[in-house]
Structure formats: structure tokens, C-alpha cells
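Contents: one structure, followed by commentary.
The values are calculated or read from the model by the stated rules, or taken from the named source; none is laboratory data. Just so it is clear, the model here is predicted, and its values are computed rather than measured. Here the Cβ positions follow ideal geometry from the backbone for every residue, glycine too, while neighbour counts run over all protein chains shown. Quick note on the areas: whole protein, heavy atoms, side chains included, nothing else; ligands and nucleic acids left out. Shrake-Rupley method; radii C 1.70, N 1.55, O 1.52, S 1.80 Å.
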Amino acid sequence: MNRRFHLGTASSIEQGATRLLEGLRATSLAGLAPGEGLRWEVEVPDTDPLAWLNHHDNLVRMYCSNRERRLQIAALGVADMLRYNEGEHRLHEALAGVFDRLHRLPHGMRYYGGMRFSEDLVPGDSLWQRFGQVRFVLPMAELIRDEVSTRLSLNLIVTPDGARDLAVRAALLGSLQTPPSLSAAHLPLPVRRVNHPDRETWEVMVRQARNHMAGGALAKVVLARRCQFDFAEPLHPMALLQRLHEATPDSFHFCFNYGNEIAFIGATPERLYQRRGHQILSEALAGTRPRGASEEDDQWLESELMASAKERREHQLVADAVVSILNRFCTDVHADAAPEILKLRYVQHLRTVIRGTLKPGSTDADLLMALHPTPAVGGWPREAALPVIAALESCDRGWYSAPIGWITTEESEFAVAIRCALVEGSRLALFSGAGIMPESDTEQEWREIESKIGNFLRIFTT
């Protein structure tokens, strides 16, 4: 039985929603077992997915765009949610459960989500408890814009209550509209800031990390900080996403809005990997300098980054680790001979692109578990770095610096959740980290994180 339906081209979002509703009502669910899926798609006029998402209220809203903005996706509602809480499953088992579900569904169905940095919770820190260890959501409705077209889609996973399933989708489709152009987003200014850890504790952490490297078994460890900001009024997640989207056009953007008051939002430059069929594209991104105030200043900072022995060594650790991991799961692994400079709006990074072909039997779950955490967010060797992070960090990273993204049977893309924030009501938690090497200076590493946090905070003042 065909379970994916292409319904032609509509002249508006409203007409597209009507076509989807007609297709839904014309499709018999008789003979379908609970858990089977159906998908309807219709091409619509070019529409800004972010404006569409901002215009429609829903308890669950999600957004993903790749770094080149060749793919932008806005999603509403929940057709299926796969959530695994801490302690219920090992990470690989949970991820494998998500990906196995896809193989029983029509092509084109896409789950969006992420996972924790670590399986272990930090005692006394409940900030992330509503996100779970692993959570992936198949939305009810999506607006997908790529280089070819813009499409409106509807998903349904069969349940025993088919009448309710149809009624819920009919109500959602009836609410879909062509959005107005985005107006300027309002963001309040923060009224209070608290650093976790504070400056003194951070310096102790860096010194202790260097002590762990004294024996030579540990080459690098990444330590993270959380800065918490309070506001006099609630923050609207979609306004924050819009401003971040405007300020950082050259990043992966994501938003997982689980309930109107809580959302994980970010603009990360770091791709973990992309899969198209069996072709894998990954990259090493480590080593950072700010952008210069003038072209001459920018070129000087680029030259300094390329010439820095510490930054090149730190970058090579990441590149070597990614190549080594891909060699386990891929054939024809090839890495660029030398790093290039990736220039973003506020910073520039060393980047090495790495490609390979996935071996038969290797899966997305295998890649995620093997690649995460990269030395760029964890350290090297991983087995030596992770216990040091657990011992020194007092804040739960949650989904910060972990893989977030989307997956279909045909392709998938995951980024590393850095340059990100957790919004809950009138409170904002920003996360950032620094790679500590034996020669690291506590003052310089503090300033590096302050610079990264400051780049994010610019969206509140522009």
C-alpha cells in the first residue's frame, strides 16, 4: 500500500492545507496496524519557514536550518514522540530505537531531536529534566524550503483512536495561514546575571585540569560554563530565534520549543556529520579568533590563528579523532590536507573537511555514539577527558555540546549544540566552553568564553 501521497501544487498555504485535509479524509485507515505511518505533501508558494513558525502557536514547535540555508524546516505539533529518560536505556539502545522506527515508515518522514552530552545527571541540577536523555519528534505539520521548492506536509502515525487522530489534524490544518512578513523582534534586556562557576572557581578548575595533564595521559579537556540571566518579563522563544537567525546567517540554527515556556535554541557553526544515502560528510572545527574591525585587522587575526601552535595542535587533535572514528564505519575516508579558515560573522575558526562512504551494516546510531563527544567539546583522549569533566563541572550540560538534528531513511544531518541557550519563562541559560591544554592560561580561557557569550548577547542590544 502506498503510504506517501503527493498532492500537486497549491496557490497558497491555505489552499495547500485544504488539499492536505482532502487527502487525509480520502485515505482509508482500514487495514493499517497501530504504529504504521502515512504522509501527505503539497507544493506551496515560496514562504519563509521562520515567519510561518512565528505566526502559528503550538505547544510543540521546531526549527532547523543548515549552515548554508539551503534547507530550512519549520514544524508544528507531535505525530510521534520517542523519548527515553535517564536510566531507562543506554544511549546507543535509545538512538537505535529511534532510527529503527524510521525503517517502518514512508520515505520522507523526518524526526527532529537530540540527546544529552552525558548519560550521567549532575546531582542537584534539575535544569534539563524536562528534555530527557534522548528525544526525537515526528511533527504533525512541516513547512520545508530547499533549493528546489517549498512544501507543506502532514504526518500521521496510526493509533487505535483514528477518529481523534483525524480530528486533531483537521483542526491544525484549519489554522494554517500564509504568514505576514516578520516584524522586528522584541527582546528585553537582562536585569541579573549569575556565573556558574564564578571566576574564582573557574580558575581553580583550569588549574586542576592542567594538573590532570601533567602525566601526559590527557592532552586536552574542554570545560564548560553556564551563565544564567533573569529578565523582568518572559522571553518569547520565537523572538529569540528570529533575532539569532538575523545576527548569525552563517550557522546551523535550531529550536526545540517543548511547551510555550521552555525552548532550546542555538546557532552553531559545528557540523557533526551529514549523511546523504551512504555518503558521509564531517568536519573538524577547533581553533578560534574574533573577526577584525577592519579587513587588515581581520587578516592579521586570521594569520595569527593559522600560526598559533596551540590552536593548530588543538585542531589537529579533533581532525585526527574524526578520521580515526570514520575509518571504523566508512570506506574511502579522506580529509583535507591542511585546515582552512571558516569565517563567521563574529568569529573565525580552523576547519578541516572529512568525507567517507558508510559501510554496509553501519548506522546513524553507530556514528552518533562514536563521534560524540568530539575533542572540540569533550577533550582527548575521550576516555581520559570525560571523567575529568564529570569531576570538575558542577553544572549539568544537558543537551549543550551534544548532537542535535534530524533524520530520515534517505539522509540525516547533525550539528553540535554550541552557541546555544535554554529559555524558560523569564530566565535564560547560556552555555559555552573552552579547550584546556597544558599551556592554557586561566585568564585567556575566561576571556574566550566571555567573548563567545558576548557574541550571543549582542542580539539583545541590536
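A compact table of results
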{"quantity": "For the stretch 182-226 and the stretch 385-460, distance of Cα centres in Å", "calculated": "9 Å"}
{"quantity": "Accessible surface, per residue, of the stretch 289-392 when the full set of protein chains is kept, probe 1.4 Å, Å²", "calculated": "46 Å²"}
{"quantity": "Order of exposure, largest accessible area first, which applies to Arg419, Arg291, Arg169, Arg328 with probe 1.4 Å", "calculated": "Arg328, Arg291, Arg419, Arg169"}
{"quantity": "Relative contact order (percent, whole number), the stretch 323-462, Cα cutoff 8 Å, 6+ residue spacing", "calculated": "14 percent"}
{"quantity": "Within the stretch 85-171: Cβ-based charge dipole about Cα centre, in debye rounded to nearest 20 (Lys, Arg +1; Asp, Glu -1)", "calculated": "340 debye"}
{"quantity": "Helix-only [θ]222 nm of the chain, DSSP H runs n ≥ 4, -39500 (n - 2.57) each, per residue, nearest 500", "calculated": "-9500 deg cm²/dmol"}
{"quantity": "Antiparallel bridge percentage (DSSP; both residues within the stretch 3-95; nearest 5)", "calculated": "55 percent"}
{"quantity": "Per-selection Rg to Rh, the stretch 110-181 - Cα, Kirkwood hydrodynamic radius", "calculated": "1.11"}
{"quantity": "Ordering of 400-412, 295-307, 154-166 by packing [mean C-beta count within 10 Å, highest first]", "calculated": "400-412, 154-166, 295-307"}
{"quantity": "Unit charges on C-beta of K, R, D, E only; dipole of the chain, Debye", "calculated": "620 debye"}
{"quantity": "Length added when fully stretched, Glu410-Glu304, from 0.36 nm per residue minus Cα-Cα", "calculated": "34.0 nm"}
{"quantity": "Listed peptides 190-199, 384-393 by packing density, highest first (mean Cβ within 10 Å)", "calculated": "384-393, 190-199"}
{"quantity": "Whole-number percent relative contact order across the chain, with pairs defined as alpha carbons under 8 Å at least 6 apart", "calculated": "21 percent"}
{"quantity": "Burial order of peptide ranges 22-31, 444-453, 109-118 (average beta-carbon count within 10 Å, highest first)", "calculated": "109-118, 444-453, 22-31"}
{"quantity": "Of the DSSP H helices in the chain, those whose Cα atoms cover at least 30 Å axially and whose Kyte score averages -0.5 or more", "calculated": "309-329"}
{"quantity": "Within the accessible area of the chain (1.4 Å probe), percent carbon and sulfur", "calculated": "50 percent"}
{"quantity": "Mean separation of Cα contacts under 8 Å (6+ apart) over length of the stretch 128-173, as relative contact order %", "calculated": "25 percent"}
{"quantity": "Accessible surface, per residue, of the stretch 1-86 when the full set of protein chains is kept, probe 1.4 Å, Å²", "calculated": "43 Å²"}
{"quantity": "Largest-first ordering by accessible area, 1.4 Å probe, given options Ser432, Ser426", "calculated": "Ser426, Ser432"}
{"quantity": "Charge sum, other residues only, whose C-beta stays under 15 Å from Gln15's C-beta, Lys/Arg counted +1 and Asp/Glu -1", "calculated": "-3"}
{"quantity": "Length released on extending from Leu281 to Arg70, taking residue separation times 0.36 nm less the Cα-Cα span", "calculated": "74.4 nm"}
{"quantity": "Computed E for Asp250/Thr159 - FRET, C-beta separation, R0 51 angstrom, nearest 0.05", "calculated": "0.75"}
{"quantity": "Antiparallel bridge percentage (DSSP; both residues within the chain; nearest 5)", "calculated": "95 percent"}
{"quantity": "Sites Thr18 and Ala167, calculated FRET efficiency, Cβ-Cβ separation with R0 22 Å, nearest 0.05", "calculated": "0.85"}
{"quantity": "Positive-pole candidate from Met62, Ser394, Ile449, dipole of the chain, charges at beta carbon", "calculated": "Met62"}
{"quantity": "Distance in nm between pseudo-label sites at Asp100 and Asn195 (7 Å out along the Cβ direction from Cα)", "calculated": "4.7 nm"}
{"quantity": "Cα gyration tensor, the stretch 334-384 - rounded (a/c under 1.5), prolate or oblate", "calculated": "oblate"}
{"quantity": "Point-to-point label distance, Glu93-Ala217, nm (Cα→Cβ direction, 7 Å offset)", "calculated": "2.9 nm"}
{"quantity": "Theoretical gain in end-to-end length, Asp46 to His6 [0.36 nm per residue, Cα-Cα removed]", "calculated": "12.6 nm"}
